[in-house]
Amino acid sequence: MSTPGVEAPPSGPVLRREPMQRRSVARVQRMLDAAQELVSEIGYDALTTTLIAERADVSIGSLYQFFPDKQAVVRAVARRNLDIFADRLTALVRSRQLQTWWQVVSDVIDQYADMHRRIPGFRAIRFGDVADLHLLDPERDNDTVVADRFVELIAPYSEVRTSDELRLDLVIAVRIADSLTRYAFERDPNGDVEVLEETKRVVRAHLSRLLGEPEPTPSA
């Protein structure tokens, strides 16, 4: 079996211009870090380009060299988050001997929860819904973009062909996982373990009618 990868986020301009020098790249990353942290602290509505520039320790003119407005900054943050998530999933598949789609589901949820723990401000922006339901792609809502990445990931572990029905079920699974993961981190800053395990169970149960091969019941 060949090792599946996870495609990059949808193409399209995010920055007004790409940073070419190392200092410019670092400056843009500070802006993205600042935006994600600020959304976590004060919310998207209160976010301004001035606050982002101040937190990132750059001039407002420097910010406008790369971004036209705060939504563009948040779009870049969401794309970066999806890049990180895709890289994690690709590394996961390449480093482990996964046998079934339900193992993939468990590990994907583990990776998503770990991003909540390790990336400052991630739980506020995640993949962009805080700013725009179509932030990642104007043609598809953010959950559909994430679900399409998941379709690519589980394809080698299931004989079910990609279809509109499967994509809808994956979007529903993404929404279930996102909602319950958020609840887990509302209950516990490190993620409530019982809620995260129940998230896996619910998502696997939802997908099993299409993908088959339910998780085996542990022996007593």
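The values are calculated or read from the model by the stated rules, or taken from the named source; none is laboratory data. Because the structure is predicted, anything quoted here is derived from the model rather than measured. Every residue, glycine among them, receives a Cβ derived from its backbone with ideal geometry; neighbour counts consider all protein chains shown. Remember, those area values only see protein heavy atoms, side chains included, never the ligands or the DNA or RNA. Shrake-Rupley method; radii C 1.70, N 1.55, O 1.52, S 1.80 Å.
Summary of values
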quantity: Cα gyration tensor shape for the range 41-142, rounded if a/c is under 1.5, else prolate or oblate; calculated: prolate
quantity: Share of carbon and sulfur in the accessible heavy-atom surface of the range 39-95 [1.4 Å probe, %]; calculated: 47 percent
quantity: Computed accessible area, V171, all protein chains, 1.4 angstrom probe, square angstrom; calculated: 20 Å²
quantity: Positive minus negative residues near R30 (Lys, Arg vs Asp, Glu; Cβ under 15 Å); calculated: +1
quantity: Accessible area, probe 1.4 Å, largest first, for residues H206, H116; calculated: H206, H116
quantity: Cβ-based net charge around R55, under 13 Å, with every Lys or Arg adding one and every Asp or Glu removing one; calculated: -2
